[in-house]
1. Pick from H143, H237, H222: which is most flexible by mean-square fluctuation in a GNM of the chain where alpha carbon atoms under 10 Å apart are linked?
2. Any chance you could list P(r) for region 20-153, counting all Cα-Cα pairs in 10 angstrom bins from zero, rounded to whole %?
3. Just grab the label-to-label distance for T131 and D244, each label 7 Å out from Cα along the Cβ direction, in nm (one decimal).
4. So what does the Cα-only Debye profile of region 1-73 read at q = 0.13, 0.16, 0.18 Å⁻¹, as log10 I(q)/I(0), no solvent term?
5. Residue separation times 0.36 nm, minus the C-alpha to C-alpha distance between N221 and R255: what's the value?
6. Given R₀ = 22 Å, FRET efficiency for Q28-R186 by Cβ-Cβ distance, to 0.05?
7. Please state, as a whole number in µm²/s, the translational diffusion coefficient that the Stokes-Einstein equation yields for region 2-264 at 10 °C and 1.306 mPa s, with Rh defined as the Kirkwood radius across alpha carbon pairs.
8. What's the tally of Lys pairs in the chain whose alpha-carbon atoms lie under 13 angstrom apart, where the two lysines are 8 or more places apart or on different chains?
Amino acid sequence: MKCLVIGDVYGRTAAEFVSQSLAVLRKQEQADLIIVNAENCAPANGMDIIGAKLLLDAGADALTGGNHSLKLAFCYPFLEANDRVLRPLNFPDAAPGKGWCVLTTPAGYRMLLLNAQGQVFLDPSVDNPFTATERLLERLKGHYDYAVCDFHAEATSEKAAFAACFDGRMAAIWGTHTHVQTADERVLARGTGFISDLGMSGVRDSIIGTKPEQVVHHYLNHTFEKYESAEGKLFLHGAVFDIDEPSGKCRSVKRIQYVKGNEKT
C-alpha cells in the first residue's frame, strides 16, 4: 500500500494548487491514500473551511494539523463534524476536534492515522506527545491493523526521538511544521518509515511561505507586522511510504517535490 503524505499547505493559493495536483500525483505515485497537512490552508495562518473542503473534494483522504489548527474559531464546528480533519491528539481534552481517525485502505486494512504535536520550542502546555500517543495506542488496541503518524514539531531531535520510541509499532512517522524538507528519509531498524520533515507546499521563493521582505524587515528592525503569503511559482513537498500491510512494516520511503506545470524534480 502506498501512502502519499503532503507537507504543510501555506495559504489559499497553495491549497488551490495542491487540490489541482492531487489527481495527477495519485496516478503518478500510484498512491492508495493521500494525507495532507492543512493547518495553514487559510489565506493567513490557520485552517479554514474553504481550504479544507478544496483538499477533501480533490481527493485527500484525511487532513492533519498542528499548532495553528485552532487559530480560527469559526472552524471549530467543522472540526467537530469531520472525523477525517484532525488536530493534535495531545491538545487538551476540551479542545474541539480529534487527534486520530481510522482509514480503510483499498485492500481492506484499518490504518490508524495519528496527529501529535511536539513540545520543544512550541507550546509546552500541551500534553507530552510520547505518553499521550502511548495511551491512545493502548486504548485503541484491536481497532486498527497498523498506525501512521504526522508528528508536528520544531526540533529534529524530538522528531527523531519520537520515531525511535515508536519504531516497530507504527508503519510510518513523518514530521511537519518547519516548512523545510529534510533529506533523512529511511526505514528504521524495526520497520518504521521516517522522515524528519516533509517540507512545505506553497511559493518557492519565500521564507517558509511568507513574503521575504517582511521577514527581513523584522530581523533588521525587530518590528512586527502581519505576514502575508508570498506570490510566485508554486511547489509541493511530501513523501511516499510503501507499506506492507500484512506485517504493518514499511518497505521504503521516497521524498517528492512537485512543481506547478507537472515538472517533477
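1. The residue with the greatest mean-square fluctuation here is H222.
2. 12, 42, 35, 11, 0
3. Each label point is offset 7 Å from its Cα along the Cβ direction, giving 3.6 nm.
4. Log-scaled intensity ratios, in q order: -0.32, -0.48, -0.59.
5. Working: separation 34, 0.36 × 34 = 12.24 nm, distance 3.70 nm.
Stretched fully, the N221-R255 segment lengthens by 8.5 nm.
6. Once rounded, the FRET efficiency stands at 0.45.
7. Translational diffusion coefficient: 87 µm²/s.
8. Working: K2/K27; K2/K249; K2/K254; K211/K226; K211/K233; K233/K260.
Within the chain, the lysine pair count is 6.
Every read-out reported here was derived from the displayed coordinates using simple, explicitly stated rules and does not represent laboratory data. Keep in mind that this is a model prediction, so the values were computed, not measured. Heads up, the Cβs are rebuilt from the backbone with ideal geometry, glycines too, and the neighbour counts pull from every protein chain shown.
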